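Inspection log for the structure reproduced underneath, given as structure tokens.
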Amino acid sequence: WDNADFSRGVGTTFYQEFSTLNTAKPPFVRDVEAKVRRYLRSSYSAVWTLKITWEKAPVYAAWTDARKTITYQAVLTTDGFRSYILMLYQDRGMQWDYTRLTSTNVLIGYT
């Protein structure tokens, strides 16, 4: 991870909440449930899901090169007992020049 910098008006953050307890599930939530089931090989039925999208986020500090951006999503979901996060990155979407970042041990994802 590194810091994104939205201070120059480049990039946008969106979020959408899906509360699906006792309601019909939209296709997005059904897709998230299918991914959790497939990756974890277990049953899963979401009651709440949050999708956060960082679109064309420039690296900190944006004044260095605001043209180099990244688009990615975090999807948080729970069935009320278990919670999961899906980290989704745009294919070939990492435009940050990692050789110019302050940290030299850069990875996409988390441990």
- request: Kindly check whether there is at least one residue in segment 72-92 that is of a type in the set (F, W, Y), at pLDDT 70 or above, more than 28 Å from S19 (Cα to Cα) and part of a loop (DSSP other than H, G, I, E, B).
  value: no
Subset tally (residues that are open to solvent by less than 100 Å² (accessible area, probe 1.4 Å), touching a strand residue (DSSP E or B) at 6+ places or on another chain (Cβ under 9 Å) and assigned to a loop (DSSP other than H, G, I, E, B)) for segment 8-50: 8
- request: Under 8 Å between Cβ atoms, at least 6 apart or on separate chains: pull out the pairs that start in segment 1-26 with a residue that is on the phi > 0 side of the Ramachandran plot and end on any residue that is surrounded by 12 or more Cβ atoms within 10 Å (Cβ to Cβ) and part of a strand (DSSP E or B).
  value: G11/A4; G11/W54; G11/E55; G11/K56; G11/A57; G11/P58; G11/T69
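The values are calculated or read from the model by the stated rules, or taken from the named source; none is laboratory data. Just so you know, these numbers come straight off a predicted model, no measurement behind them. Cβ coordinates were reconstructed from backbone atoms using ideal geometry, including for glycine residues, and neighbour counts include every protein chain displayed. We work out accessible area using only protein heavy atoms, side chains counted, and drop any ligands, DNA or RNA first. Shrake-Rupley method; radii C 1.70, N 1.55, O 1.52, S 1.80 Å.
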